[in-house]
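Here the structure comes first, spelled out in structure tokens, and everything after it is commentary.
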Amino acid sequence: SVAALTELGPWDESFLLYSEETEYALRAADHGWTLWYEPAAVVEHIGGEAKVSPMLAALLTVNRVRLFRLRRGRVASAGFYLAVLLGEAMRAAAGRRTSRASVVALVRPSRRLRALPG
């Protein structure tokens, strides 16, 4: 709504994809806005891939850690970061390409996606 946008400001686009709406919804709840599920709503997603690319998986993982840190602070997020890193490293060791990309993005910030390609 216009009222929510005026009070909360714009979405935090530094999250790039798939986390900006989560951050916005949490921020809205922090300000007393009520969110609800609308069962009659219908959305049709056209396009996209059946499989998640390693680049997208890494982006989702990094954004999850960033959002946790934004909400919980450095101390709590250090434990969360280590848990996510360990989980992704174990899956990478088992051969999952998406987890390997996530590990690289977590430990090498210079390799993180900062803008959409193209």
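The values are calculated or read from the model by the stated rules, or taken from the named source; none is laboratory data. Keep in mind that this is a model prediction, so the values were computed, not measured. Every residue, glycine as well, gets a Cβ built from its backbone with ideal geometry; the counts of neighbours run over all protein chains shown.
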Subset of the stretch 1-21 that is under 11 Å from the mean Cα position of the chain (by Cα) and surrounded by 14 or more Cβ atoms within 10 Å (Cβ to Cβ) - its residue that is nearest to residue 64 (Cα to Cα): 19
Do you know which residues across the stretch 12-28 are assigned to a loop (DSSP other than H, G, I, E, B) and hydroxyl-bearing (Ser, Thr, Tyr)? 18, 19
Determine if the stretch 89-104 includes at least one residue that is in a helix (DSSP H, G or I), surrounded by 14 or more Cβ atoms within 10 Å (Cβ to Cβ) and without any contact (Cβ under 8 Å) to a residue 12 or more places away in the chain. yes
State whether the residues of the stretch 29-46 include one that is modelled with pLDDT of 90 or more and part of a helix (DSSP H, G or I). yes
(1) at pLDDT 90 or above; (2) more than 18 Å from residue 104 (Cα to Cα); (3) surrounded by 13 or more Cβ atoms within 10 Å (Cβ to Cβ): which one isn't true of residue 84, the others all being true? (2)
Which numbered condition trips up residue 52, out of (1) of a type in the set (A, V, I, L, M, F, W, C); (2) free of Cβ contacts under 8 Å to residues at least 12 places away in the same chain; (3) closer than 14 Å to residue 18 by Cα? (2)
